[in-house]
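**Q** Handing you this structure, nothing more for now.
The values are calculated or read from the model by the stated rules, or taken from the named source; none is laboratory data. Source: prediction; values computed, not measured. Cβ placement follows ideal geometry from the backbone for every residue including glycine, while neighbour counts extend to all protein chains displayed.
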């Protein structure tokens, strides 16, 4: 029985080039629906953040947020899947947190830059490096979650 040959993996940029050829442009009628199939509950996302905060980092690693405002549903969905494959943690619908090497940061930044320049758009993608201390100082408002208590930040009361 002949073996089934594996088809070569198509790169992220190649997939988006195919989308571009299929007609992605700024004049498409776009819906602003966000496709989030398997977004984890807030508590799980916070646990992941805490895991990142409490893990000792190598000096070659860095923390950074990736935030985007992308009109096209397909492009937005592809970028979200790409970031998840790269090990980024989804914090909100269009915000990811990454704890990775500086080389991977450059790779992700370069890829997202290529994607943004592929078609005419008014999209924006922001990558913001943060320190562990800054991440520990983060506040989450809503959903009855006190992030200070979760992080076990020490508070001093003076009477």
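**Q** Within the stretch 52-63, can one find any residue that is in a loop (DSSP other than H, G, I, E, B), modelled with pLDDT under 90, in contact with a strand residue (DSSP E or B) (Cβ under 9 Å, 6 or more places away or on another chain) and under 21 Å from residue 138 (Cβ atoms)? Working first, answer last.
**A** Residues of the stretch 52-63 in a loop (DSSP other than H, G, I, E, B): 55-60.
Keeping just the survivors that are modelled with pLDDT under 90 gives 55-60.
Of the ones still in play, those that are also in contact with a strand residue (DSSP E or B) (Cβ under 9 Å, 6 or more places away or on another chain) are 55, 57-58, 60.
Applying the additional criterion that residues be under 21 Å from residue 138 (Cβ atoms) yields 55, 57.
Yes - at least one qualifying residue is present in the stretch 52-63.
**Q** Give the number of residues within the stretch 66-78 that are free of Cβ contacts under 8 Å to residues at least 60 places away in the same chain and surrounded by 17 or more Cβ atoms within 10 Å (Cβ to Cβ).
**A** First, the residues of the stretch 66-78 that are free of Cβ contacts under 8 Å to residues at least 60 places away in the same chain: 68-77.
Next, from what is left, pick out any that are surrounded by 17 or more Cβ atoms within 10 Å (Cβ to Cβ): 68, 70, 72, 75-76.
Looking only at that region, the number is 5.
**Q** Here's something else I'd like to know. Report yes if some residue within the stretch 69-76 is modelled with pLDDT of 75 or more, within 29 Å of residue 130 (Cα to Cα) and in contact with a strand residue (DSSP E or B) (Cβ under 7 Å, 6 or more places away or on another chain); otherwise report no.
**A** Within the stretch 69-76, one or more residues are modelled with pLDDT of 75 or more, within 29 Å of residue 130 (Cα to Cα) and in contact with a strand residue (DSSP E or B) (Cβ under 7 Å, 6 or more places away or on another chain).
**Q** Can you pull out every residue in the stretch 79-135 that is in contact with a helix residue (DSSP H, G or I) (Cβ under 9 Å, 6 or more places away or on another chain), closer than 27 Å to residue 18 by Cα and surrounded by fewer than 16 Cβ atoms within 10 Å (Cβ to Cβ)?
**A** Within the stretch 79-135, 81, 85, 87, 93, 114, 118, 124 qualify.
**Q** Residue 63 passes all but one of (1) over 21 Å from residue 122 (Cβ atoms); (2) exposed (fewer than 15 other Cβ atoms within 10 Å of the Cβ); which number fails?
**A** (2)
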